[in-house]
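Handing you a structure now.
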Amino acid sequence: MTLALDADITVRPAESVDTAAIARLCGQLGYPSTVEDVDRRLGGARRDADSAVFVADSMRGGVVGWVHARALHLLTRDACAEIAGLVVEEGRRGRGIGGRLMAAAEEWARQQGFSTLRLRSNVVRDEAHAFYRERGYASSKTSLLFTKTL
C-alpha cells in the first residue's frame, strides 16, 4: 500500500521551541530523552558550526520528524558528513517526510564542502535499510559498537 505524500511539510532548521517534539521522537527512535536532555543537546548542536539539525514541521501536527547531520573529521579518512540521527513520526512514515529530511541533510553536507554523507543504522532496522538503499546509499561495513561508562 502506497501512502499519499504529505504536502503540508516544511523542512527547516530546528529551534529551541522544538525540544518537546524532538524528545518525543527520540523515544520513537529507541532513545528515550527528557525535554531537558534534548534542550541541552540541541543547544550544543545549534552552536556547533559542524552540525545541523532540521525538523519536518507539519501544519496539521507540528514537528513530525528530524535529522541531525554533522561533520566527521578523522585521521583515517578524508572529512565527510554523517547522519547522527533520523526519525519520522510512526504514523507519518512512508509519506516522503524522511526523504525530504535526508535531502536537507545532503544539501547541508554539500554546502559544507563534503563529497560523502554516511550514516550508521542498527542491524535490526530492515525498513530503514531499505529506505536508505532507495536513496542511493550502500552498505559498506558491519561493525560492533563498544561503550564504557566513565
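Bear in mind that the values in this text are calculations on the coordinates, not laboratory data. The shown structure was predicted, so the numbers you read here are calculated from the model rather than taken from an experiment. Glycine also receives a Cβ, built like all others from the backbone with ideal geometry; neighbour counts cover every protein chain displayed.
One line per residue, one yes/no per condition, for (1) surrounded by 10 or more Cβ atoms within 10 Å (Cβ to Cβ); (2) over 15 Å from the mean Cα position of the chain (by Cα); (3) farther than 23 Å from D8 by Cβ:
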| residue | (1), (2), (3) |
| --- | --- |
| R60 | no, yes, no |
| A71 | yes, no, yes |
| T76 | no, yes, yes |
| A103 | yes, no, no |
| R135 | yes, no, no |
| K148 | no, yes, yes |
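Touching a Lys or Arg at 6+ places or on another chain (Cβ under 6 Å), loosely packed, with under 13 Cβ neighbours inside 10 Å and free of Cβ contacts under 8 Å to residues at least 60 places away in the same chain - does that describe any residue in region 25-34?
no
So, in region 5-23, exactly how many residues are closer than 25 Å to D37 by Cβ and not aliphatic (A, V, I, L, M)?
The initial filter retains those residues of region 5-23 that are closer than 25 Å to D37 by Cβ, namely 11-23.
Then keep just the ones that are not aliphatic (A, V, I, L, M); that gives 12-13, 15-16, 18-19.
Number satisfying all stated conditions: 6.
Which numbered condition in (1) touching a residue at least 24 places away in the same chain (Cβ under 8 Å); (2) over 14 Å from M102 (Cα atoms); (3) exposed (fewer than 12 other Cβ atoms within 10 Å of the Cβ) is the only one that T10 fails?
Looking at each condition in turn, T10 falls short on (2).
Could you tell me how many of the residues in region 98-142 are in a helix (DSSP H, G or I) and of a type in the set (D, E, K, R)?
Just the residues of region 98-142 that are in a helix (DSSP H, G or I), to begin with: 98-111, 126-134.
Cutting the leftovers down to of a type in the set (D, E, K, R) gives us 100, 106-107, 110, 126-127, 133-134.
Within region 98-142, residues that are in a helix (DSSP H, G or I) and of a type in the set (D, E, K, R) number 8.
Go through region 35-54 and count every residue that is exposed (fewer than 13 other Cβ atoms within 10 Å of the Cβ) and in contact with a His (Cβ under 7 Å, 6 or more places away or on another chain).
Qualifying residue count, region 35-54: 0.
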